[in-house]
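Structure first, then comments.
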Amino acid sequence: MAIGPEVIQNLMSRYQHKPRTPLAHIGLLMLLCWLPSLTFAQAQEVDPELRKRLKSSIATADSFVDRFDAEVWLVAKSQVLKRYVKDPEKRLRILKAVHREASRQKLPPEMVLAVIQIESHFDRFAISKVGAQGMMQVMPFWKKEIGRPQDNLTKMDTNLRYGCTILRHYLDREKGRWPEALARYNGSYGSYRYSRKVLNAWDQWR
């Protein structure tokens with residue numbers, strides 16, 4: 001369930017008008033812990049440039065042709081992916097889809113693999129505590145923002161299309177600086193803990 005500003009204001013109002021019990025203090029502390037994630041989600045929601053880019057990316061989904069046939073790359077990356085995905089056919093489907101969407105956004109496929117590794121460990125049904133979904137942990141409010149509420153973010157191809165588009169947007173915004181772009185993608189701008197994890201994983205995939 002989405003938590004909007006009106007819900008936060010309501011909870012704060014109730015806290016202000018009730019006795020300060022230990023339980024109330026704990027509840028307020030839990031609410032405040034969620035605020036950075038909520039603030040980030042709201043900041044993303046009003047980014048018109050990213051909204052426009054997502055609309056364009058999703059609208060042209062059927063026009064993209066996957067020309068990638070580098071068997072050497074598939075075999076090499078399949079060996080790394082085996083740690084997370086045991087089925088060899090499933091590994092190849094994931095690798096082809098990642099390479100297709102990464103190449104479409106002019107992103108290194110290995111970087112996208114690193115992001116997925118840190119975000120979801122290649123679990124397309126993964127859901128974070130703030131509601132991000134799928135392999136690349138995309139916030140579902142973007143579906144409404146671009147007028148595609150029917151999209152299923154647990155579907156691999158859809159999730160990769162959204163995730164790669166969003167990552168490309170932040171890389172452009174940060175003028176190619178990966179640490180900053182990754183921090184924005186994760187919603188932790190100002191901290192490089194997440195960025196270091198992804199960059200270390202990137203080294204393994206390369």
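Every number here is computed from the coordinates shown, using simple stated rules; none is lab data. Just so we're clear, the structure is a prediction, and the values are computed from it rather than from any experiment. Every residue, glycine among them, receives a Cβ derived from its backbone with ideal geometry; neighbour counts consider all protein chains shown.
Mind checking the full-extension length gain between Val130 and Val75? Use 0.36 nm per residue of separation minus the Cα-Cα distance, one decimal, nm.
Numbers: separation 55, 0.36 × 55 = 19.80 nm, distance 3.53 nm.
Result for the pair: 16.3 nm of gain on full extension.
Give Lys86/Lys143; Lys82/Lys197; Lys106/Lys175; Lys155/Lys175; Lys52/Lys77; Lys77/Lys197 a once-over and call out the pairs whose C-alpha atoms are over 22 Å from each other. Let's see the in-between values first.
Values: Lys86/Lys143 31 Å; Lys82/Lys197 20 Å; Lys106/Lys175 14 Å; Lys155/Lys175 30 Å; Lys52/Lys77 33 Å; Lys77/Lys197 19 Å.
With Cα atoms farther than 22 Å apart: Lys86/Lys143; Lys155/Lys175; Lys52/Lys77.
Let me check I've understood the local charge: for Leu160, count other residues with C-beta under 10 angstrom from its C-beta, Lys and Arg +1, Asp and Glu -1. What total comes out?
Numbers: positive: Arg100, Arg104, Arg124, Lys155, Arg161; negative: Glu101, Asp157.
It works out to a net charge of +3.
Give a quick list of GluC sites (Glu not before Pro) in segment 145-200 that DSSP marks as loop, anything other than H, G, I, E or B, with at most 12 other Cβ atoms within 10 Å.
On the way: sites: Glu145, Glu174, Glu180; in loops: Glu174.
Filter output for segment 145-200: empty list.
Within a Cβ distance under 13 Å of Ser191, other residues only, what is the Lys/Arg minus Asp/Glu net charge? All intermediate terms of the calculation are to be shown ahead of the outcome.
On the way: positive: Arg184, Arg193, Arg196, Lys197; negative: Glu180.
Value of the local net charge: +3.
If you take the Cα Rg of segment 97-171 and divide it by 2.2 N^0.38 Å, with N the number of residues, what do you get? Each step should come with its number before you reach the end.
On the way: Rg = 11.3 Å, N = 75, 2.2 N^0.38 = 11.3 Å.
In units of the globular-protein estimate, segment 97-171 measures up at 1.00.
What number comes out for the charge environment of Glu174, summing +1 per Lys or Arg and -1 per Asp or Glu over other residues with Cβ under 12 Å away?
So the surrounding residues net to +3.
Filter the trypsin sites (Lys or Arg not before Pro) in segment 87-172 down to the DSSP loop ones having no more than 16 other Cβ atoms within 10 Å, then list what survives. Mind dumping the intermediate values first?
Numbers: sites: Lys90, Arg91, Arg93, Lys96, Arg100, Arg104, Lys106, Arg124, Lys129, Lys143, Lys144, Lys155, Arg161, Arg168; in loops: Lys106, Arg124, Lys129, Lys155.
Sites meeting the loop and neighbour criteria: Lys106, Lys129, Lys155.
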